[in-house]
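**Student:** Mind looking over this structure? Questions follow.
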Amino acid sequence: MLRVLSLVVGMGLFLFAGVASADERKEAVVEMMNAAVAHYEEVGQEQAFKDFSVRGSEFNHGEYYIFATDLTTHENIFHGVNPKLIGKNLEKLKDTDGKPFVLEMREVAQSSGEGWVDYKWTHPETKKVAQKHSYVKRTGNVYFGIGYFD
């Protein structure tokens, strides 16, 4: 828990102020992901998803939120800012440039277990489509994603 608290404080110092470099933002996303996966593995899916949905928490603040997909059913099983996506198979979803980014996320999760996927997505605060960089990581039959916007 101390590691998560340090992550929140560290992210707050530069992310909320909007002064973080791309490398700092990537590092913060990877740290957030590692904390989220560890929490998921420790407390289980039901409790983790409850915790991930608390806005303003270490797992859900501003543009930084978690989403999760089941690799067996290919359904979105959690989304930190848009619960309407839960239960939907999003694999055919494409960004505004026609990129099948959800399919790419699944491929990354299944092949290497983790990695980055770039695509266009609606920013949760500005409501405008922007370039997003999401880090995906697999644990068991689930992959998680967390990203940041340019």
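**Student:** Please work out if GLN110 is in a strand (DSSP E or B) and either hydroxyl-bearing (Ser, Thr, Tyr) or out of contact with any Ser or Thr (no Cβ under 8 Å at 6 or more places or on another chain) (or both).
**Tutor:** When the stated conditions are applied, GLN110 does not pass them.
**Student:** Do the conditions hold for HIS74, that is, is it at positive phi and either touching a residue at least 24 places away in the same chain (Cβ under 8 Å) or in contact with a Gly (Cβ under 8 Å, 6 or more places away or on another chain) (or both)?
**Tutor:** In short, yes.
**Student:** Continuing with the same structure: Has region 128-136 got any residue that is of a type in the set (Lys, Arg), outside any strand (DSSP E or B) and exposed (fewer than 15 other Cβ atoms within 10 Å of the Cβ)?
**Tutor:** Yes, region 128-136 has at least one match.
**Student:** Do we have VAL102 as under 18 Å from ASN76 (Cα atoms) and part of a helix (DSSP H, G or I) here?
**Tutor:** Against the criterion (under 18 Å from ASN76 (Cα atoms) and part of a helix (DSSP H, G or I)), VAL102 qualifies.
**Student:** Quick check: anything in region 86-103 closer than 25 Å to VAL54 by Cβ, of a type outside the set (Val, Ile, Thr), touching a residue at least 24 places away in the same chain (Cβ under 8 Å) and out of contact with any Asp or Glu (no Cβ under 7 Å at 6 or more places or on another chain)?
**Tutor:** Within region 86-103, none of the residues are closer than 25 Å to VAL54 by Cβ, of a type outside the set (Val, Ile, Thr), touching a residue at least 24 places away in the same chain (Cβ under 8 Å) and out of contact with any Asp or Glu (no Cβ under 7 Å at 6 or more places or on another chain).
**Student:** Find all pairs meeting these conditions: Cβ atoms under 6 angstrom apart; at least six residues apart or on different chains; first residue within region 138-150 and polar (S, T, N, Q); second residue not in a strand (DSSP E or B).
**Tutor:** From residues that are polar (S, T, N, Q), the pairs are THR139/VAL37; ASN141/LEU71; ASN141/THR72.
**Student:** Condition check: at positive phi and either assigned to a strand (DSSP E or B) or within 12 Å of the chain's Cα centre (by Cα) (or both). Does GLY145 satisfy that?
**Tutor:** Here the answer is no, as GLY145 does not meet what is asked.
**Student:** What tally of residues in region 138-150 results from selecting those that are under 23 Å from ASP70 (Cβ atoms) and surrounded by fewer than 20 Cβ atoms within 10 Å (Cβ to Cβ)?
**Tutor:** Qualifying residue count, region 138-150: 4.
**Student:** Still on this structure, please answer the following. Scan region 83-99 residue by residue and report those that are in a helix (DSSP H, G or I) and surrounded by fewer than 13 Cβ atoms within 10 Å (Cβ to Cβ).
**Tutor:** PRO83, LYS84
**Student:** Restricting attention to region 43-52, and to residues there that are surrounded by fewer than 18 Cβ atoms within 10 Å (Cβ to Cβ) and either in contact with a helix residue (DSSP H, G or I) (Cβ under 8 Å, 6 or more places away or on another chain) or modelled with pLDDT under 95 (or both), which single residue is nearest to VAL142 (Cα to Cα)?
**Tutor:** VAL43
**Student:** With (1) at pLDDT 95 or above; (2) in a helix (DSSP H, G or I); (3) among the aliphatic types (A, V, I, L, M) as the list, and VAL9 as the residue in question, which single condition is left unmet?
**Tutor:** (1)
**Student:** For region 37-71, how many residues are within 20 Å of LYS26 (Cβ to Cβ), outside any helix (DSSP H, G or I) and without any contact (Cβ under 8 Å) to a residue 24 or more places away in the chain?
**Tutor:** Selection size over region 37-71: 1.
The values are calculated or read from the model by the stated rules, or taken from the named source; none is laboratory data. It should be emphasised that the depicted structure is a prediction, and the values quoted were computed from it without experimental measurement. Glycine gets a Cβ as well: all are built from the backbone with ideal geometry, and neighbour counts include every protein chain shown.
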